[in-house]
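These notes are about the structure you will find just below.
The values are calculated or read from the model by the stated rules, or taken from the named source; none is laboratory data. It should be emphasised that the depicted structure is a prediction, and the values quoted were computed from it without experimental measurement. Using ideal geometry, Cβ is built from the backbone for each residue, glycine included, and neighbour counts are taken over all protein chains shown. SASA here: full protein model, heavy atoms, side chains in, ligands and nucleic acids out. Shrake-Rupley method; radii C 1.70, N 1.55, O 1.52, S 1.80 Å.
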Amino acid sequence: MNYKLALKYGSISGIIIISSFFLWDFLVGHDAESSIGMLVGYASMLLAFTAIFIGLKNYRDKTLGGQITFKQAFFNGLAMVFVASVIYVAGWMIYMPNFAPDFADKYTAGQVAKIQADESLSNLEKEEKRRELEVMMENYKKPEILAAYTFMEIFPLGLLVTIIISVLVRKNKSKTKHE
């Protein structure tokens, strides 16, 4: 595993992601209930993960002589995603209390409104879901839980992207039989 590669391209990816939520907040403000904001967030993650593709392709072409196995690409890509995810978590831990301190309250209010509007749920089911949401948001106030939730927002997407990129960039020498 190439740790320098992971730090370089994982950092680029992480910085792109946290820059996007500062930029989004500057342009339109934070709106915790906004589906568009969530969509923009995930789209920025996907865009930022192009750094992983670039990093792996450069590593394959410039360091490994044009050859890389799926396994090499996967583990180096996974290391980059881990770095990007840690930077994302750190960025969110700084951003949320300083720039969006009401995020949890607005998010909870928006989710409760959606639950109340869901006509397929009984009143008992609505109350149960509301309580579950309140417990989750109470836990969200604990830094270690906030960090874990935030990590789980980005890491699974990064894992999926890494698998796809690893398939795309792999190149193995063809083996021929000499008899």
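Taken together, the criteria exclude T162 from residues that are more than 30 Å from D61 (Cα to Cα) and either modelled with pLDDT of 85 or more or open to solvent by 20 Å² or more (accessible area, probe 1.4 Å) (or both). Residue pairs whose Cβ atoms lie under 9 Å apart, sitting 6 or more positions apart in sequence or on different chains, and linking a residue in the range 127-152 that is of a type in the set (D, E) and open to solvent by 80 Å² or more (accessible area, probe 1.4 Å) to a partner that is part of a helix (DSSP H, G or I) and at pLDDT 85 or above, are E134/V112.
Restricting the search to the range 43-89, which residues are under 14 Å from the mean Cα position of the chain (by Cα), open to solvent by 40 Å² or more (accessible area, probe 1.4 Å) and free of Cβ contacts under 8 Å to residues at least 40 places away in the same chain? Of everything in the range 43-89, those that are under 14 Å from the mean Cα position of the chain (by Cα), open to solvent by 40 Å² or more (accessible area, probe 1.4 Å) and free of Cβ contacts under 8 Å to residues at least 40 places away in the same chain turn out to be A43, L47, T50. Within the range 107-126, being assigned to a loop (DSSP other than H, G, I, E, B) and either open to solvent by 90 Å² or more (accessible area, probe 1.4 Å) or touching a residue at least 12 places away in the same chain (Cβ under 8 Å) (or both) holds for E119, S120. Looking at the structure I just gave you, is G29 open to solvent by less than 70 Å² (accessible area, probe 1.4 Å) and either modelled with pLDDT of 85 or more or within 17 Å of the chain's Cα centre (by Cα) (or both)? Against the criterion (open to solvent by less than 70 Å² (accessible area, probe 1.4 Å) and either modelled with pLDDT of 85 or more or within 17 Å of the chain's Cα centre (by Cα) (or both)), G29 does not qualify.
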